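What follows is a single structure, written as C-alpha cells, with notes after it.
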C-alpha cells in the first residue's frame, strides 16, 4: 500500500515537471495528423457529387458556369427509333403443300317431272282390242262386224282417266253406247269414253290433263251387253278411227 502511494506520488511529480512538454508533443502530433489528412483527402472531397433535385424533361435546364444566367436550353423530346427504310421484314416462306386431286361429287340435279303424254283409261285389262277393217263375231248382236274401239274390263264405279290432255268437247248419252264423254286433243285426236255412270266428273269446256278422272264406270253399253262390265274407248284422228293402243306405241 505504501509502495503504491509512493509510485503515484513520483508519477505526479514527474507529470508536474514534464507535463508541459508532453502536452506540446501531443499537440504537434495532432497537427501533423490533421495536415496529412487534409492534404491527401481534400481533393477527393471536392469531387464528391452533391445530390441535385430531379429535373423534369419538360422544364428548361440551366447550365452552370456558362456565364449567361438567363440562357436556357429548350426541352428535349424523347426520340423514337424508326426502322431503316431498307430494312425488310424477314418472313419464312411456307413449304409447298402437295395438292391433292379434288373428288367430284355428283350432286343430284333437279329434273322437272314430265307428265306422261298418254295414260291408260282404266286399270282393268284389255279384253277386246281394235279390229280395224277385220270382221269379228259380236256375241251381243250375233253377227260379224268390225270392232272400232278397245274394251277395258272394270268394276262398278271404277275410275276412268283421260288418256291425254285436252278439252272436254262433249258430255252426252247414246242409246247404244250409254253415257259418254268426248275429249279433243292436239294433233286432231278425239277420244270418247262409253259406258260411264250417268254423272260424269267433268263438263263440256273443261280442260283436263292426262290421268285426270273424268267419271266412273258401270253405266252399261247396250250394244255390248253380252260382255262383262267394261268401258269402250273410241279414238279418232281427223275423223278416222284408229287403235287407242297405238298412242302408247308412239311414246
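What follows draws every value from the coordinates through simple rules; no lab data is involved. Just so you know, these numbers come straight off a predicted model, no measurement behind them. Reconstructed Cβ throughout: ideal geometry from the backbone, glycine too, with neighbour counts over all protein chains shown.
With the simple spin-label model, which puts each label point 7 Å out from Cα in the Cβ direction, the residue 25 to residue 210 separation comes to 15.2 nm.
I'd like the Kirkwood hydrodynamic radius of the range 126-250, using the inverse of the mean 1/r over distinct C-alpha pairs, in Å.
After inverting the pairwise mean of 1/r, the radius is 14.6 Å.
The modelled label-to-label distance between residue 172 and residue 34, using points 7 Å beyond Cα along the C-beta direction, is 16.2 nm. When a/c is below 1.5 the answer is rounded, else prolate if a/b is larger than b/c, else oblate, so apply that to the range 113-157 with a ≥ b ≥ c taken from the square roots of the Cα gyration tensor eigenvalues. Because a/c hits 1.5 or more and a/b fails to exceed b/c, the range 113-157 counts as oblate.
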